[in-house]
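Please read the structure below before turning to the comments.
Readers should treat all values here as calculations from the given coordinates under stated rules, not as data from a laboratory. Bear in mind that the values here come from a model prediction, so they are computed numbers and not experimental data. For neighbour counting, all protein chains shown are included, and Cβ atoms are generated from backbone atoms with ideal geometry for every residue, glycine included.
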Amino acid sequence: MDIEQINHWIEEPLDARPEEIENRFFNSFENRRPEQITYNELRQINIPEGLTGNQLDGLVEEFGIEILAYYIPFHFHRPNRPWGIYLRRVGIDHVRRRLMEIAGRDGHNFRNLEIPTNVAEHILLLHELRHHAIEVAFTRVELQDNTRDEYQQYIRRKRNHNNTSSDTEAICNANVANNRSPFKTEPSYVGHTLRFRPPLPPNVMIRLDWNDYVSQFMIGQPAGYRDFARFTGFSSKQVLELLQLPRFWFREPRKDYTQHSQLSILRRLPVPIRVV
Ligand SMILES: [Zn+2]
């Protein structure tokens, strides 16, 4: 799917009734109009430490990733809530802190925050990109059928049936679990303080595979979110059938779903990213 087709939607968005979680997310920055940034700019942003309060920890346990980051679909685009991926600074900080705690149990001690910050951003981006990919697959069927109702019906099912909602969140975290390459970081300077291993000399370069730490972080999330392993082996066809996409076996919606789930889509098609 290309950006012109999405821009066409933005001209005539549907009327949306925000969910409780959406209001909760957006109330925290109501008067600010966040600027859209690119994927490369995101990777340069400095996220200060210690933004997270105890209150956010409780909300994450209750609401999952949606309190840390949010996706506004282009179907429900509004001037005060433009479509795209929103990442909260406190959300990135929260995920980074959790990851460093989990990796810390293996003796990793980070002097440079850049790598854990990028890993945290990729977790949130990949989860929200999957929400975007689901919208795009439904939009493809709507374009084929000349209707504007299929995605709205899916959103309605998600609100009214807890299973659709929790399956969706597990499917979005499965996108994090399946995209393993962003979590194999380049060699970098990390401290190592394992008790029974001599400390590495200063400035030694080691390559760190974050995948286990990322999985452990997701297993600590609420029901639905933590059930991602059920869906990591699912094909695009199986997912779209589960989400009741009409003609889920058609090639185009499946291709859109797969392509728009990847980080590379952020370079090819400007999915708006905002840090709030
Ligand atoms: Zn989600």
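For Glu35 and Gln144 in one chain, what is 0.36 nm times their gap in residues minus the Cα-Cα distance, to one decimal in nm? Spell out each step's value before the answer.
Details: separation 109, 0.36 × 109 = 39.24 nm, distance 3.34 nm.
Gain on extension, Glu35 to Gln144, equals 35.9 nm.
Taking the alpha-carbon distance from Lys255 and a cut-off under 18 Å, which lysines remain once sequence neighbours fewer than 8 residues away in the same chain are dropped?
Lys237
Taking the number of other C-beta atoms within 10 Å as the exposure measure, put Ser181, Ser165, Ser215 in order starting with the fewest.
Working: Ser181 8, Ser165 16, Ser215 19.
Ranking Ser181, Ser165, Ser215 by Cβ neighbours within 10 Å, fewest first, gives Ser181, Ser165, Ser215.
Lys and Arg at +1, Asp and Glu at -1: add these up for the other residues within a Cβ distance under 15 Å of Asp15 and post the number. Write down the numbers at each step before the final one.
Numbers: positive: Arg17, Arg78, Arg81, Arg148, Arg156, Arg159; negative: Glu11, Glu12, Glu19, Glu22, Asp149.
Result for the local shell: +1.
Determine the gain in length on full extension of the stretch Arg105-Arg247; use 0.36 nm per residue of separation and subtract their C-alpha separation, reporting nm with one decimal. Before the final figure, lay out each step's value.
Details: separation 142, 0.36 × 142 = 51.12 nm, distance 4.70 nm.
Stretched out fully, the Arg105 to Arg247 stretch lengthens by 46.4 nm.
Report the local net charge at Arg43: Lys and Arg +1, Asp and Glu -1, summed over other residues whose C-beta lies under 9 Å from its C-beta.
On the way: positive: none; negative: Glu41, Glu114, Glu121.
Result for the neighbourhood of Arg43: -3.
Kirkwood-based Rg over Rh for region 58-191 (C-alpha set), two decimals?
Reported Rg/Rh, Kirkwood definition of Rh: 1.04.
With just the Cα atoms of the chain, tell me how far they stretch along each of the three principal axes, in Å, largest first.
65, 42, 34
If one computes P(r) from the Cα atoms of region 110-153, what percent of pairs lie at distances over 13 Å?
I get 63 percent for the Cα pairs in region 110-153 exceeding 13 Å.
Under 19 Å Cα-Cα from Lys184, which aspartates and glutamates qualify once same-chain neighbours fewer than 8 residues away are excluded?
Glu101, Asp106, Glu114, Glu121, Asp209, Asp212
Out of Ile47, Ile171, Ile65, any idea which swings most in a Gaussian network model of the chain, alpha carbons joined below 10 Å?
Between Ile47, Ile171, Ile65, it is Ile47 that shows the largest mean-square fluctuation.
Please give the calculated 222 nm ellipticity per residue for the chain, where each DSSP H segment of at least 4 residues contributes -39500 (n - 2.57) and the sum is spread over every residue; nearest 500 deg cm²/dmol?
Values: 12 runs with 139 residues, N = 276.
Taking each H run of at least 4 residues, the total per residue is -15500 deg cm²/dmol.
From the backbone phi of region 101-117, what are the Karplus-calculated ³J(HN,Hα) couplings (6.51 cos²θ - 1.76 cosθ + 1.60, θ = phi - 60°) in whole Hz, Gly and Pro given as x?
Rounded to whole hertz, the list is 5, 5, 5, x, 5, 8, x, 7, 9, 9, 8, 10, 7, 4, 5, x, 5.
Which ³J(HN,Hα) values in Hz, rounded to whole numbers, follow from the phi angles of region 217-223 under the Karplus curve 6.51 cos²θ - 1.76 cosθ + 1.60, where θ = phi - 60° and Gly and Pro get x?
Residue by residue, region 217-223 yields 4, 6, 5, x, 8, x, 3 Hz.
When a footprinting reagent is the concern and you count Cβ atoms within 10 Å, what order do Ile102, Ile3 take, fewest first? Let's see the in-between values first.
Numbers: Ile102 18, Ile3 11.
Fewest-to-most ranking of Ile102, Ile3: Ile3, Ile102.
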